[in-house]
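Only the coordinates and a few stated rules stand behind these numbers; no lab work does. Every value quoted in this text rests on a predicted model; they were computed, and no experiment measured them. All Cβ positions, even for glycine, are placed from backbone atoms using ideal geometry, and neighbour counts span all protein chains on display.
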Amino acid sequence: MLSIKEYQTVATIAGPLMLVEMVDEAKYGHIVDIELGDGSIRHGQILQVEKDKVLLQVFEGTRGIDVKRSTVRFLAKPLELAVSPEILGRVFTGLGEPKDGGPAIIPEKRLDINSRPINPYARDYPNEFIQTGISSIDGLNPLVRGQKLPIFSGAGLPHDQITAQLARQATVLGKAEEFAVVFAAMGITFEAAQFFIDDLHQTGAIERAVMFVNLANDPAIERIATPRFALTAAEYLAFELDMHVLVILNDMTNYCEALREISAARKEVPGRRGYPGYLYTDLATVYERSGRIKGKKGSITTVPVLTMPEDDKTHPVPDLTGYITEGQIILSRPLHRKAISPPVDVLPSLSRLKDKGIGEGKTREDHADLYNQLYAAYARGKEAQELATIMGEAALSEEDKKYMTFADKFEAEYVSQDYYENRPVEATLDLGWQLLSMFDNVELKRIDIKLIEKYMPKFRKANSEQD
Amino acid sequence: MDTTHVSVWREEAHVRKVLAMDETKTGRIVKVAGPVVVAEGMTGARMYDVVRVGNLNLIGEIVELRGDLASIQVYEETTGMGPGEPVTDTEAPLSVELGPGLIESIYDGIQRPLPLLADTEGEFMSRGSVMPGLNREKKWHFKPTIADGTKVSHGDIIGEVQENTQIVHKIMVPSGVSGNVQNIAEGDYTVDQTIALCAAEDGTESNLKLMQEWPVRNARQIRSRLTPNRVLVTGQRVIDSFFPVTKGGTACIPGPFGSGKTVVQHQLAKWVDADIVVYVGCGERGNEMTDVLMEFPKLKDPRSGEPLMKRSVLIANTSNMPVAAREASVYTGITIAEYFRDMGYIVALMADSTSRWAEAMREISTRLEEMPAEEGYPAYLAARIAAFYERAGRVQCAGNPEREAALSIIGAVSPPGGDLSDSVVQATLHVVKVFWSLEGTLAYQRHFPAISWLTSYSFYKDSLRDCFEDKDQGREMEKLTVNAMGLLEQEAELLEIVRLVGAEALSPTDRLALETARSIREDFLHQNAFHEVDTHTSMAKQYEMLKTILHFHKQALSAIEAGVETTEIFKLAVREEIARAKYIPQADITKIAKIRETIEEQMKQLRTSAVA
Ligand SMILES: Nc1ncnc2c1ncn2[C@@H]1O[C@H](COP(=O)(O)OP(=O)(O)O)[C@@H](O)[C@H]1O
Ligand SMILES: [Mg+2]
């Protein structure tokens, strides 16, 4: 028997917060229903309990709530998601309630959306290469199953196209396994969300998708719960139904702003740019839910999307994200202006888990050396590009000119590709060799000489035939 | 759903039930705010006592006392906890268990064995579990090294346990115990069985066991401190040759995300020439710990040929695990490290990342509503950091037989935005003797380790020469590194000139300096952690490699004097051999000396054709 207590002792309302007094037996982290004078219901969560005083955050905001006529019901449980296989194909609100007009989920079970941390000992290391068909990812920053790899974007950059392309193309080579897509929208526009959903419709993937949608005009505080609903659904699908789940969280900057709003309302000592000091820990409890677990078939691969305010990578949201996630794909405005699409800024982008996902038997033996060399050459070419913009091309040495040509070609041919082009990884690797064929062996220090001898000749030959 | 509705009226006075409770030992929760819980009725409790909190019996530690109120940092998630629930004082400070069974363990921040937790509770961490750090069932074979009647006191070694094929675990008399040993006998014991008695002069008897306990926040005792003067060889060229750390020394690695802090820490954990490695994953990624767990049993220690796991202890309190336990994790790690040091071993501790530890302090401090200093960190941040690194050192251990040992600490620091003015970086730089500055720009070029050669430093450089058995070679290596560093500094200046007036302005010797500096960077400093040969380099090989690069430089200088064009020099085939010297296995390092001969031959040819 669940004991639900009801109080009409609201003392203060400030911002998204409410203080309720004379409460007996409130528990930290549990949820409440707030019934307004007009009978409508809002949802809240306990942030702090001190003696009989309870501080609540109200997910839908406090507008229109008054002190006298509100009744707060303490539900004596944490925020939960009702799950069953029926969640596939459904759309929920940011608070986990059906939004698509469909029936309520008949729960197989209810799961606490905060879940619990994975025991590090129980983790299995992600090492299965996911082919995305995007060269700047597959060739240089390979994604593996169970990885959390965010996209650092900026206002107006095409992250929606990239996430759609990922959802469309991502496959593990040679395997046909149960997969699912979980999409959490946090404060993005209707258009952006619809673009993604339409794409899922077109490919038929919609039936294997679960969506939690909080749009720009939906309550901001709700966004604190949205990614947790999504990851709870993902954990259920991955670790109980053995599916390989791709989770897209878009946009984590909006999530962080909601956290900041709560923190400010609580008058907490602010950290950098007003974000709370616990932002790192909080983000970790979201991102670290990705992964693989020993003995379980499924996996959770997460691609969070965030917009960097002023394209600044050192802003707390991208900064703390990068400190937690296993790499980052960074989009560049200058490349976007040059019409390079996807405008992946290759140098600062990184996949930390690539090393165990590539190589012989996974992609190809030359993969690691090849990307190391491409990076080194492109970095040098970029420097030359910069030098050329300062001093003019004429001031460059012959060497520098060569590297600059390489960088230009690399951006135009390797990084740039159509959003509907699905390049097999071998094609990506060959493209790398082809670009490097303009250099002598001595310049290819990062590649094992045996690999050069094995893979390079046909490209050098093709070059000399062209000449 | 069957529900009971209880209405409460505004006017109704709040009645708090005062339950009968033990006067000193049990209090009641009055406040829950995230990881901090306040309990009343705690008169008699002491600071840093461990308490059991709430109906779930979570583990916590008292961090503030005010009247009968105790503020407690709880090592587990507090959701579902509320006022009125009990808090029990265990009357003991947070301690770790020390004894056979530590090696090859992986613990959370408060020494709960993670494999056991996974076995008993599943893949996800549950709450309120109590698990001893050491296995109580396993028997260890104990061999006394002293006889009955020996007078012993704190720190004396009374016997040994062969913990695994590599580590001999010395059993020491715990602090506060002294007297005559009786009934000591070889045999198989569990860690908490009595292996001997110790009769003090006042007639009191203590039981000696294979295990002892130690409060983590206190440094373990030593006899005296010595100056760390031997290099802790890491096999990482930029570190050993240019910015070495010593056995007993301290180092820090700050850098933005993705600059290579963790890879350097992993590399050191793998290849340092220490007897014991304690690796603390403090508030970082789960998969990084998995990586260590999967690799260490497979990788072999080049000195012993044994799997690296057999000398390692791992502490994993990842970023999503409770923040208070993260705060404790570095102390748990350092105490275990000190314990092995006390046996006379060379121990190295890596903490990745100390920033997460500092942030945990900040998080707790904020919830305690303490006055913040810079960036919201508590005012005692710098003091805590200093006290932590002070636990490193080369020492004369307490007790008999006399023995020397060392404990090195290498801490990663993760400053926001990579900004080195960050409080944690600054407080750390105040105390550590080695600074490996990781630069984002180098990492973007995939120049790894991305340790900046211009801003990093080591106060232990003078110890480098003693790394070599041959004294002359040691002195020569010292000169080579000075030489190489000079060229790298010159390169920075020359590149500045190029940026202003273009490459045309450079003299042939300047061009050569640029090329050699590039060669030092690419062929020596750059080291691929994931290449099976390149992953670590012996001191002897480091010497050969650097000598060869600078030999080319010297030879090229005289060729230029003889009128050879720099473009000709740069085209020499031998340069490719120099570049690939890093991939020559240790067994073949004489091949590197051969490259120097090839250099001379090819240069000679150039000179002759120049004259002709
Ligand atoms: N010595 C190295 N050799 C090769 N790759 C490296 C090396 N150091 C770092 N890396 C690369 O850089 C990535 C990030 O390094 P990591 O140590 O995880 O950074 P941080 O801990 O500073 O965030 C690694 O995943 C790896 O790909
Ligand atoms: Mg790291």
Computed magnitude of the charge dipole of the protein assembly as shown (debye, nearest 20; Cβ of K, R +1, Cβ of D, E -1): 940
Difference of contour (0.36 nm per residue) and Cα-Cα distance, residue A:14 to residue A:97: 27.3 nm
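Past 31 Å, Cα to Cα: identify those pairs from A:450/B:433; B:471/B:554; A:401/B:270; B:300/B:594; A:356/A:409, in the order given.
With Cα atoms farther than 31 Å apart: A:450/B:433; A:401/B:270.
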Lysine pair number, Cα distance threshold 14 Å (strictly under), the range A:5-77, separation 8 or more or different chains: 5
Among B:51, B:101, A:56 - extreme Cα towards positive end, dipole of the protein assembly as shown, charges at beta-carbon: B:101
Modelled FRET efficiency - R0 25 Å, residue A:201 with residue A:106, Cβ distances, 0.05 increments: 0.50
Residue order, fewest to most beta carbons within 10 Å, for A:240, A:222: A:240, A:222
Those residues of the range A:152-171 whose amide nitrogen sits under 19 Å from the label point placed on residue A:337, 7 Å along Cα→Cβ: A:153-159
Charged-residue dipole, Cβ positions (Lys, Arg, Asp, Glu), chain B about Cα centre, Debye nearest 20: 960
Projected label distance in nm at residue B:598 and residue B:430, using a 7 Å step from Cα toward the beta-carbon: 5.3
FRET efficiency, 1/(1 + (r/R0)^6) with R0 51 Å, evaluated for residue B:224 and residue B:369 via beta carbons: 0.75
Taking B:551, A:201 and counting other C-beta atoms within 10 Å, the order from fewest to most: A:201, B:551
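Between beta-carbons, use under 10 Å as the cut-off and find the net charge around residue A:236, counting Lys and Arg +1, Asp and Glu -1.
-2
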Within straight-line cross-link reach of residue B:25, lysines at Cα separation under 19 Å, skipping those fewer than 8 residues along the same chain: B:17
Antiparallel DSSP beta bridges within the protein assembly as shown, as percent of all bridges there, nearest 5: 65
Computed [θ] at 222 nm, helices only, for chain A once each DSSP H run of length n ≥ 4 contributes -39500 (n - 2.57): -9000 deg cm²/dmol
Under Karplus coefficients 6.51, -1.76 and 1.60, residue-wise ³J(HN,Hα) of the range B:304-314 in Hz, glycine/proline x: 9, x, 8, x, 4, 4, 6, 10, 10, 10, 10
Cα gyration tensor category, rounded, prolate or oblate, for the range A:367-466 with a/c compared to 1.5: oblate
Residue list for the range A:295-315, given a label point 7 angstrom along the Cα-to-Cβ vector of residue A:161 and an amide N cut-off under 20 Å: A:304-308, A:311
Gyration tensor verdict on the range A:5-77 (Cα atoms; rounded if a/c is under 1.5, prolate if a/b is larger than b/c, oblate otherwise): rounded
Cα centroid of the range A:32-60 to Cα centroid of the range B:32-86, whole Å: 25
Residue list for the range B:67-107, given a label point 7 angstrom along the Cα-to-Cβ vector of residue B:124 and an amide N cut-off under 16 Å: B:77-80
Fewest-first sequence of A:125, A:419 by Cβ atoms within 10 Å of each Cβ: A:419, A:125
Diffusion constant of chain B at 25 °C, which comes from Stokes-Einstein with the Kirkwood Cα-pair radius and 0.890 mPa s, µm²/s: 90
Shape of the protein assembly as shown, Cα gyration tensor, a/c cut at 1.5: oblate
Amide hydrogen neighbours beyond the local backbone of residue A:11, cut-off 5 Å, H modeled: A:19, A:20, A:21
Gain upon complete extension [residue A:449, residue A:360; 0.36 nm per residue less C-alpha separation]: 30.4 nm
Spacing of the two label points (7 Å from each Cα toward its C-beta) at residue B:298 and residue A:175, in nm: 1.7
Value at 222 nm in deg cm²/dmol, rounded to 500, when DSSP H runs of n ≥ 4 in chain B each add -39,500 (n - 2.57): -9500 deg cm²/dmol
